[in-house]
1. Within the stretch B:63-87, track down each residue that is touching an Asp or Glu at 6+ places or on another chain (Cβ under 9 Å) and either of a type in the set (V, I, T) or not in a helix (DSSP H, G or I) (or both).
2. Report yes if B:V168 is outside any helix (DSSP H, G or I) and aliphatic (A, V, I, L, M), otherwise no.
3. Considering every residue within the stretch B:17-33, establish whether at least one is more than 8 Å from every other protein chain (Cβ to nearest Cβ) and over 30 Å from A:V229 (Cα atoms).
4. Cβ contacts < 6 Å: first residue outside any strand (DSSP E or B), restricted to the stretch A:199-224; second residue among the charged types (D, E, K, R) and open to solvent by 50 Å² or more (accessible area, probe 1.4 Å), any location; separation 6+ or different chain. Result?
5. Hey, B:R380 hits all of (1) surrounded by 20 or more Cβ atoms within 10 Å (Cβ to Cβ); (2) of a type in the set (K, R); (3) in contact with a Ser or Thr (Cβ under 8 Å, 6 or more places away or on another chain) but one; which does it fall short on?
6. Return the residues of the stretch A:133-150 that are assigned to a strand (DSSP E or B) and either at pLDDT below 90 or buried (at least 21 other Cβ atoms within 10 Å of the Cβ) (or both); say none if nothing qualifies.
7. Here are the criteria: (1) in contact with a helix residue (DSSP H, G or I) (Cβ under 7 Å, 6 or more places away or on another chain); (2) small (G, A, S); (3) at the interface with another protein chain (Cβ under 9 Å from one of its Cβ atoms). Tell me which single one B:G406 does not satisfy.
8. List every residue pair whose Cβ atoms sit under 9 Å apart, with the two residues 6 or more apart in sequence or on different chains, where the first one lies in the stretch B:562-579 and is touching a residue at least 12 places away in the same chain (Cβ under 8 Å) and the second, anywhere, is open to solvent by 90 Å² or more (accessible area, probe 1.4 Å).
Amino acid sequence: AVVSTQSTGDKSKIIKRVAWAHPEFGQVLAMSTPQEITIWEFTADTGGTWTNRTTPSISEPRHLEINDVKFCPAYSGVVKTRNLELAYCTGQLDSGQGQLKILRCKDSHLLKDWEREKEVSWKETFTCLDWYVSPDESLIAIGTVDNSVRLYEYDSSKQDWSFLDTIAHPQNSKVYDVSFAPNPGRSFHTLAIAASYLQIKSFKIEGGRVVVMREQENRVCEEENRVQVWRLSWSCLGTSLCTTGDDGLLRMWKNSTKWECTRKVKWNGVEP
Amino acid sequence: MIGGAWITEKKLMVLNEDAGSVELRQESLEVDTSSAINKYIIFEGHSVFSEIQLSSGNDIQSHSHAYRSLLRAAIQEFEDQDEDDKKIVALYELVWSFCEVLFVEHLPGGCVLPYLLELMRWHFPQPMDMLSEVLTAEEPSEHPDFWRCIVSLLLQGHIKESIAMLRVTPDGDELVGLLEQMPLLENFSGHSLSEFKISWSMWQDRCKQLYETANFVMDQSTEILEILCGQLDTFTKYKDLSQTWYHLMTSYLLYTNPTVSVMSLHHAATEMTSVFRDHLTPLDEVLLSAMEFDAHRVLTLCISLFQNSWWLAAHLADVLHHAKQLDGTELAAGCSIREYVLLNYASDLIFSEEFWSLGVDYFIECKQMGKGYLQLAIPRIPLESERKATRVYSACQKHGLMDLAGSVCKVMAAKARQAGSPGLSLIWSLQAKDLASVTAISEEILDSYIETGGFANLEFLDQLGSNKLLSNRLLFLGKYREFHNLVKAGELRGAADLLVSLVESKMGPPRFQITLLLDSLPLINGGPTGEIVMSSRQTYVLMKALEDMQIKKLLKEGDSQKVETIRLALVTNLASSLLEEPW
C-alpha cells in the first residue's frame, strides 16, 4: 500500500521518520519531514487507502527541523490515556536550539485536532527521542547534539512534564537514536543509545536523580562496536537488540554476561 | 542504507535502500519447528508440564518417566521423518535418562547399573540386530561377525543369548558353565545387596581361576573370558562395539562393579572418556556434570548444546526444580534458572501460529516475570481473524489478565471500524466495556443514517440484550431501529408512541432531533390508512421540540424547508386529533 508519493526533489519534503500508533487506535501512522508532521489513517474499505487526517499538518518554521516523532506507547498492553499523544523534537545545528513538543489528539476517531500540551526548549538541538510509559511513571529520553541524553519526567500531580536528569556522555558524538527496552516488570530501565558506538545504560530514578547501574552486565563487546550506529530496534520482549551501522551492516545483539553481537547481516544476505 | 524492524522475537524485517529504491526481506532466527516430530514433543511436553504444575510436583518420578516415554514414542512413531530432528530428540532422551537416574529416580539399593543397561540397549540396538543377521545365516558359526556378535551381546548383558551362541563353539562348555552361574541383579530380588556382592565376587574369582588354567582352542574364547574377568584392555579393544564412552563404562561396570552406586559414577566415567578421544564434547560435559550432581551446570550446558531449542532445558529445569535439585538462586537476568529457561521457551512459542496458547501457559508458570512478558507479548500476537482474537481474549480472561483482554477487544474494534464494519466494532467495544467508543460508534452509525438515509446491517442490535444499557447513544440507536421496524410492520400507533418518547427523552444526539421529527411525517394526518395515529398531546410534544430546536439554534440553514413542512403537518394533525378526541 502506498501512503503518499511525492517526488518534488525538495529537500524539505524528505520523509525522515515514521511512527506507528498503538493498534487500539487502528492503523495510524505519523510521518515527519523536516518541516511538518502528517497523521495518516488506513481504511480497509474500497480496497484500502491511507488518508491524511491532519489538514493543515503540524508544522514548524523554516529555521527549525523536525528530527524525530513518536507516539505515546502502551504500557504492557494498556494504553495509558484514552487520547492519542504524540511527541516530537526539533533542532537546528547552526542556531543550537532544540525543542520537545507533546501534542494530544482530542478525538482519536477523527485524528484531526492536535493540541499542544507541552513545549520544552533547550540550548542544543534535539536529535531523537523515545517514550517510556508505565502506570507509575512516564519518561521521555531525548538525544542531543552535545553528547548527552536528557531525561524528562511527567508529574501526574502537577500534570506537567519537567526535566529530570542527564544520562550518558558518549564521547565526542551526536546521539542518533535512543530506545527504551521493553520492560517485563523489572525495577530498572534500560536505554540503548546510538552514537559513535553502541551504549546500553540501565538506571533507576532515585531522589529525582538518575542512578546508573548494572555497568558490568551492560558492557558491549568491543570488537563489533567500533562503528557509528545509526538506528536501534529492540525486539518485542527486549531480549535482542538490532542496530544499523555506518558500515552498511545490521547487527543483532544479545546479552548473556555482556552484550555480544550474535549475527551480522548484509543486504544480499551474505554474512560477512 | 540498511534498516531493520522486529516482527516477532525471532523474525526481523530487513530493509535496504539503494539509489532511491527500497527492498524488504525477512530475516529469521527461528528454528523450524514445523516437523511432525517437533510438534508432537511440543504438544505432549505441554501436557506433562501442565500435569506437574497441577499436582504441585508430587510424584515427580512418574512425570519424569512420562517425559521419557513421550520422547521414546516420538522417536519410534516418526521413523520416516527428518533425520536431523530425530537425532536431536534421541539426544534429548539420552540426556533426560541420565538426569533422571541421577537426580530423580529412586533406585533400589542405589544401584544404577540395571537402569544404565536398559538405556544402552535402547539407544544401541546393534547387538540384537547383529544377532538376527548371524542366526539367519546358513552356518551361523561361520559368519564373519559371529564372535563380534557374542562380544557385543555380553557388553550389553544379554547373557542368555550369549550362552546360546557359545554352545556351538569348541570351548563353549566351560564358558557356558560360567555364564550360567553369573549372578544377575534382576534375579536377586528378595536377597540383600551384600549377599549379592559376595556371590558375585565369588563368581568372578572362579572366572579368574579359569583364566589361569584354561587352554582354549580359539583365541576369541580367551577374549570372552577376559571380558568376564573385567580386563580393561579387552574392553578397550572392542570400543567400536561400544561406540561411546558411556556404553563402554556401562559394560565395564557390569563385569567389575555391578552394584555401583549413583555416587561413584563420576569416577568411573572420567576413566572412560579418554579412551575415545582426548577432549570432551559438549554432550560429554553435560553427562559428566550430571554425574557430579551439578544441576545448574547441566542446564547451562544444555542451553548451549541445543543452541536454538529450549525444549529440553525448559522441561528438565522444571522437573529438577520439583525434585528439589535446584537451589533457586537468582541469575544476572533477575530470576531463577528454571524461570529463565521457561521464559525463553515460552518466548519461542508465543509468536508461533500453532503454539501461542501453549506459550501463554508456560509464561503463567513463571511467577516472577511471566506476567510481565505476557503483557509485552500478547499485544504483538497477530489477530488475523475474529476466531483467533476470541481465543486470545479467552486466554487473557482465563489467567486474569483483564487489561490485556480489554486491549484485544479495543484493537479488534478499531480494526472493524477502519474496515467499515461499525456493527462489529460496536460488539468488540461492548466486550471491552469501552463506553467512549460505544458512544462514538453509535453516533457514527446515526450520522451515516442522516447521510445515506438507511442503516446497514444492524441485526446484531437485537442480540445485545442488556448490554444496550451501557450507553445512552446505543440504547437510542436500538430504540430508533425498533421504531423503524414498527413502521414497517404497520404498527403505527406503537411507532408513534415510541417516536414521541424518543423525542421527549432527548436520548439521542441533539442534531438528530430534526431527523426524528421528519420521521414523524408518515405518521401524521392519518398516515396511509387515514387513521389518526398521533394524539394531540403527542403532537404538542413534537411541536415543542421543533420550537426548542429553533430557539437553541440547532437547525442548519438548509433545514428551513423541512421545518415548514413539519410545522404544517403537525398543525394539521393537531386539528384532526382534537376533533377526534373526547373532551
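1. Within the stretch B:63-87, B:I75, B:F78 meet the criteria.
2. The answer is yes for B:V168.
3. There is at least one residue in the stretch B:17-33 that is more than 8 Å from every other protein chain (Cβ to nearest Cβ) and over 30 Å from A:V229 (Cα atoms).
4. A:R219/A:K258; A:C221/A:E260
5. (1)
6. Selection gives A:V133, A:S138, A:I140, A:A141, A:I142, A:G143, A:T144, A:V149, A:R150.
7. The single condition B:G406 does not satisfy is (1).
8. From residues that are touching a residue at least 12 places away in the same chain (Cβ under 8 Å), the pairs are B:L570/B:Y540; B:L574/B:Y540; B:S577/B:R537.
The values are calculated or read from the model by the stated rules, or taken from the named source; none is laboratory data. Note that the structure is a prediction, hence the values are computed from the model and not measured. Neighbour counts run over all protein chains shown; Cβ positions are idealised from the backbone, glycine included. When the accessible area is computed, the model is the full protein with side chains, heavy atoms only, and any ligands, DNA or RNA have been set aside. Shrake-Rupley method; radii C 1.70, N 1.55, O 1.52, S 1.80 Å.
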